[in-house]
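Everything on this sheet refers to the single structure shown next.
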Amino acid sequence: MAAIARPLMLLAAVAAACQPLAISQAPPAASAARFVVVLDAAHGGDDPGARLGNESEKDLTLGLSVKLRSLLMARGISVVTTRESGADVDAFARAEIANRANAAACLNLHAALVNSKSGPAVHLFLSSLPSAANPTFVPWNTAQSAWIQRSNELAGELNAALTHAGITVTLGQAALPAIDSMACPAVAIEVAPQRQTVAQDAATSDDAGFEGQVAEALAAALVEWRADGGQFAAQPGDRRP
Amino acid sequence: MIPRHQTVLFVILLLASVIMGAVLWNQLRRAHERLLRGQNAAPTQAPLVAPAEQATLMVADDADNSVAPRILTLPLPQNPEARLRAVLGKLLDLYAAPDAAHPVPGGASSIAQVFLVPIAEGSAKASPTSPQLAVVNLTSAFAAGHPSGLQAETLTVLSICETLHANLPLVTQVRFLVDGQQRATLAGHADLTRTYSAAEMGPQP
């Protein structure tokens, strides 16, 4: 037995040393029992993101992350955040935090001003990576390719909850390094609270209300995701019976 | 008999005239070169003498996060690169219009160049029918003025890629440069370091 195990260990060590790889198989059953949500507030540090009136996107996403964390923890859901302050965290570190958490859902939070005729809206984005055919081992920066189907299901759950709350939702795909490296069901969420034509000062209080509404809807969607057993659904690379 | 001092003076004046003429000619040539450098020699608008042809623009709409085809008749040059540049210029002119569904300032002059590079698979030699990589060189003014946002930037990139593929199906991949340099993102979100697959984004029959 030891004679077989030794070459295997050596092979694993060589593979790990060659390049960063993401093991994209589903979390083991023991850790899957713990329902964890990763909240990734985009931007930070020297990268303020978009300007929304007097605030920057990095502050708004952090505020939304804090609000959503409170709502989820009140519902008994464990939350891991990629940043708790205005400091910058690079895309590699964000993905590392998410992948270590064995998360059932990873939400990459954005905010923007959108000149939309339909008013306030939430835009949901999936990774534009193609779904991986053999997802057991994939390069780090395409780890999400093994989770496209699950991410799609999570986006459907979020879409349903947001629409139920009366919020306009659009769906799309985007090339985002932050979620492309995540080995979990991951969705980028862009909260677009106001139109550019609205006076910035007058819109501030409405924005806070809209963000609260969005946070409530997202929390409800994640509770539903947990109830539906979304985190236990079969994965392309799942080896469990 | 002309006095000697008058001959010397005449020669000096003649030499001065020749030197001054040479200096003026040189300054005129340098000013002309400076003027040409200031202009972008490639056309930003399709020349009006070219025959009018149909072009498919894949136009983005912020309201429903969609990209839909719009067929316009434009005078287009025969050279494929100039042709694609003219088509993209028209697309960005639509976005720069006051009532645009996907408002982006800049217009046609935001496309500095479009280059086509054959994609040779393996050791195969590139042929005229080989798939092409389109390299779109945007101006830094366009990137600086582009609205920052996941949806806004993604739609711009998507509509450019789809427009290229719709007008030249051989374009299967697209890369972006800004002022000839690689740039991390368009305005903080859309990744410009990767090669986009235009074939997969293209309009479905």
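Values as computed for the structure displayed
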item: A:ASN159 being more than 30 Å from B:ARG175 (Cα to Cα) and either more than 12 Å from the chain's Cα centre (by Cα) or modelled with pLDDT under 95 (or both); result: yes
item: Complete set of residues in the range A:31-81 that are part of a helix (DSSP H, G or I), out of contact with any helix residue (DSSP H, G or I) (no Cβ under 8 Å at 6 or more places or on another chain) and within 18 Å of A:ALA186 (Cβ to Cβ); result: A:SER31, A:THR61, A:SER65, A:ARG69
item: Yes/no for A:ALA104 being within 13 Å of chain B (Cβ to nearest Cβ) and not β-branched (Val, Ile, Thr); result: no
item: Residue in the range A:110-123 that is assigned to a strand (DSSP E or B), modelled with pLDDT of 90 or more and farther than 26 Å from B:ALA100 by Cα present; result: no
item: Pick from the range B:140-171, criterion among the hydroxyl-bearing types (Ser, Thr, Tyr) and either under 21 Å from B:ARG70 (Cβ atoms) or away from chain A (no Cβ under 14 Å) (or both), ranking: surrounded by the fewest Cβ atoms within 10 Å (Cβ to Cβ); result: B:SER140
item: Single residue of A:LEU158, A:LEU154, A:LEU176 found to be touching a residue at least 40 places away in the same chain (Cβ under 8 Å), buried (at least 23 other Cβ atoms within 10 Å of the Cβ) and in contact with a Pro (Cβ under 8 Å, 6 or more places away or on another chain); result: A:LEU154
item: Test for A:LEU71: is it at pLDDT 95 or above, of a type in the set (A, V, I, L, M) and touching a Leu at 6+ places or on another chain (Cβ under 6 Å); result: no
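The values are calculated or read from the model by the stated rules, or taken from the named source; none is laboratory data. All of these numbers come straight from a predicted model, not from anything done at the bench. Glycine also receives a Cβ, built like all others from the backbone with ideal geometry; neighbour counts cover every protein chain displayed.
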